[in-house]
């Protein structure tokens with residue numbers, strides 16, 4: 001038996017032996033559907049679990065905001081501002097434009113856009129036209145784009161005239177059901193000074209767009225009277241968004257989010273932050289809006305409360321801090337990676353971060369050290385929440401008070417019922433403090449998976465969502481996450497599906513076998529690591545493998561770590577034991593940390609160090 005396999009065996013044994021942690025203190029009691037629920041006694045003062053949660057079509061969020069705050073700033077993107085009335089006018093014109101393109105009720109329209117005013121406008125316009133938004137990550141590789149277009153049936157796509165994203169969509173006009181591309185002009189999204197600079201210095205980054213019937217400029221899309229045909233939307237039945245997620249299997253599926261599920265989740269989140277001042281908040285919109293976390297918690301919540309969205313197309317710590325210091329946002333929604341980057345930025349003290357009042361972290365577990373350091377730096381409470389695409393996404397959040405618990409994902413939102421069930425026997429509810437699968441019921445839960453009846457039946461029963469996440473609830477109703485049943489990797493807030501990465505790695509002619517897992521990383525929480533078995537008689541470096549994968553995977557999917565191994569542990573039916581690989585990696589790192597330091601000469605000679 002190789003040393004590698006022996007390490008895997010020992011790691012798997014230790015992992016299974018310690019799989020049932022319990023919270024300290026408190027006698028276990030049975031959670032039942034009878035009131036009161038354990039979390040109600042821990043709720044923020046003045047908030048009731050059964051508070052009224054309005055349900056409405058998503059376009060009404062913006063319509064009401066336009067009526068209430070027409071002159072209030074709504075969007076800011078790289079120096080260009082739009083007030084609510086201007087955004088409302090652009091949305092109605094774009095909605096009419098989509099209808100003129102043939103978009104009817106229920107038609108799927110893809111958005112392949114970074115954070116920008118275009119995303120917000122086109123998202124709401126598609127919905128006002130009666131369509132369903134299909135979110136695409138602009139970092140996706142072309143095979144993923146084609147797969148998602150084919151599954152969703154999207155015939156229209158909206159993108160920008162940037163060389164780094166437009167060509168990937170243009171090539172989908174051949175071989176997929178895509179028929180038309182609405183192209184948004186980057187220069188027109190900027191204010192006059194920046195537009196001039198962009199035209200002068202960034203011309204090479206602009207893609208050449210054909211003049212044919214398949215391409216429609218955004219300026220032409222909105223060249224109409226702005227009076228779209230009214231569409232009768234049933235919030236509880238009509239789909240607003242197809243949000244692709246790996247769910248519990250790792251195979252991307254379209255979570256069907258209705259207008260009701262998304263509007264309810266925005267209302268639930270707003271209720272959780274009662275000190276928000278309507279019409280006065282400003283949100284740093286740096287979370288990707290094509291991700292369900294950003295779409296709900298930044299865009300829909302922000303527009304619901306009349307906030308100004310300060311849009312950034314990407315997270316770069318110096319740019320984000322500059323916007324915070326200059327524009328004084330009051331709210332920041334982010335992932336742990338962002339807060340960690342702010343904490344560790346060397347020039348952080350040059351920026352005034354005192355405007356921040358509410359900060360929420362999601363997408364991945366928030367290490368306590370990151371939370372406490374960020375709060376010391378800013379004086380702003382940073383609380384952790386938990387959710388998933390199938391739930392709109394927010395399910396739990398810690399209170400913005402001293403009552404929140406360390407390492408907890410928080411309390412169920414109003415109207416959200418959470419129970420912990422036996423993993424192998426989901427009809428059996430676990431006592432408080434006992435580990436099991438987290439299940440969620442509430443108005444934010446999806447309608448099911450698009451064209452996936454079997455998968456829908458597997459995870460949904462009577463409105464109860466089986467999350468695939470393992471954890472427990474304590475006697476005060478706080479939810480603690482322990483592990484994931486699914487093999488989904490969350491790296492820097494992005495979902496990475498191991499099987500898709502493995503398939504790309506296996507395309508390399510030197511690779512015989514591959515398994516991919518998420519391993520612990522101080523900054524990102526998790527990073528993608530590939531364990532690779534090479535074919536006999538060939539050599540391959542980690543750098544060469546990453547170069548090979550560059551055009552086959554999105555940047556966040558490319559393994560940051562690669563280890564060449566003799567064999568990969570598998571189940572009896574041949575599936576790689578990814579959890580065992582994670583445990584082996586942890587034990588190996590612990591062994592390396594405990595080992596005595598190498599002599600200086602060995603550290604300076606990589607070949608000698610490897611020989612050891």
Overall form of the range 241-334 per C-alpha gyration tensor (a/c, 1.5; a/b vs b/c): oblate
Virtual spin-label span in nm between residue 327 and residue 422, 7 Å along Cα→Cβ: 5.2
Stretch gain in nm, segment residue 346-residue 51, where the contour uses 0.36 nm per residue and the Cα spacing is subtracted: 101.8 nm
Residue order, fewest to most surrounding Cβ atoms within 10 angstrom, among 439, 395: 439, 395
Per-residue [θ]222 nm for the chain (sum of -39500 (n - 2.57) over DSSP H runs n ≥ 4, rounded to 500): -8500 deg cm²/dmol
Percent RCO, i.e. relative contact order, over the chain, from Cα pairs under 8 Å lying at least 6 residues apart: 15
Fewest-first sequence of 327, 281 by Cβ atoms within 10 Å of each Cβ: 327, 281
Separation between Cα centres of the range 299-368 and the range 83-153, rounded to whole Å: 26
Residues 76, 267, 179, 376, sorted so that the one with the fewest Cβ neighbours within 10 Å comes first: 376, 179, 76, 267
Percent RCO, i.e. relative contact order, over the range 215-328, from Cα pairs under 8 Å lying at least 6 residues apart: 19
Extended-chain gain in nm, criterion 0.36 nm per residue less alpha-carbon gap, residue 376 and residue 464: 27.8 nm
Potential extension, residue 560-residue 225 segment - 0.36 nm per residue separation minus Cα distance: 115.5 nm
DSSP beta bridge pairing in the range 59-461, given as percent antiparallel to the nearest 5: 40
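Here, each number is a calculation from the coordinates, and none is a lab measurement. On a predicted model such as this, the values are computed, not experimentally measured, just so you know. Positions of Cβ are generated from backbone atoms using ideal geometry, with glycine treated the same way; all protein chains shown enter the neighbour counts.
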